[in-house]
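Notes for the one structure printed next.
The values are calculated or read from the model by the stated rules, or taken from the named source; none is laboratory data. Note that the coordinates shown come from a computational prediction; the quantities given were computed from them, not determined experimentally. Cβ placement follows ideal geometry from the backbone for every residue including glycine, while neighbour counts extend to all protein chains displayed.
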């Protein structure tokens, strides 16, 4: 009789629950975007500047990946200054 260990099975449940918070390029002041990213995420200034650079040059950037509740909290803080965002 062949018994499989369920803990060793991989599923797509975790990946299905993982979302991305996207920041889109906008006409906000650089310092305002970086400061709001720091306030929302707790990331250091260098990390927030990198996110802002990617959004500026490519049109959008992933701010963070994770569960919906965490991303919704961050999204709410980013929208305090009307930054353009989307949770995918």
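For region 26-40, the set of residues classified as surrounded by fewer than 17 Cβ atoms within 10 Å (Cβ to Cβ), within 20 Å of residue 57 (Cα to Cα) and in contact (Cβ under 8 Å) with a residue 24 or more places away in the chain consists of 26, 28, 32, listed by residue number.
Against the numbered list (1) surrounded by 15 or more Cβ atoms within 10 Å (Cβ to Cβ); (2) in contact with a strand residue (DSSP E or B) (Cβ under 7 Å, 6 or more places away or on another chain); (3) not in a helix (DSSP H, G or I), residue 43 comes up short only at (2).
Considering each residue of region 68-75 in turn, none proves to be out of contact with any strand residue (DSSP E or B) (no Cβ under 8 Å at 6 or more places or on another chain), within 21 Å of residue 29 (Cβ to Cβ) and not in a strand (DSSP E or B).
Examine region 60-75 for a residue that is more than 17 Å from residue 17 (Cα to Cα), loosely packed, with under 13 Cβ neighbours inside 10 Å and free of Cβ contacts under 8 Å to residues at least 60 places away in the same chain, and state whether such a residue exists. Within region 60-75 (the criterion being more than 17 Å from residue 17 (Cα to Cα), loosely packed, with under 13 Cβ neighbours inside 10 Å and free of Cβ contacts under 8 Å to residues at least 60 places away in the same chain), the answer is no, since none of the residues qualifies.
Checking the conditions here, which among 10, 18 is in contact with a strand residue (DSSP E or B) (Cβ under 7 Å, 6 or more places away or on another chain) and at pLDDT below 95? So the residue among 10, 18 that is in contact with a strand residue (DSSP E or B) (Cβ under 7 Å, 6 or more places away or on another chain) and at pLDDT below 95 is 18.
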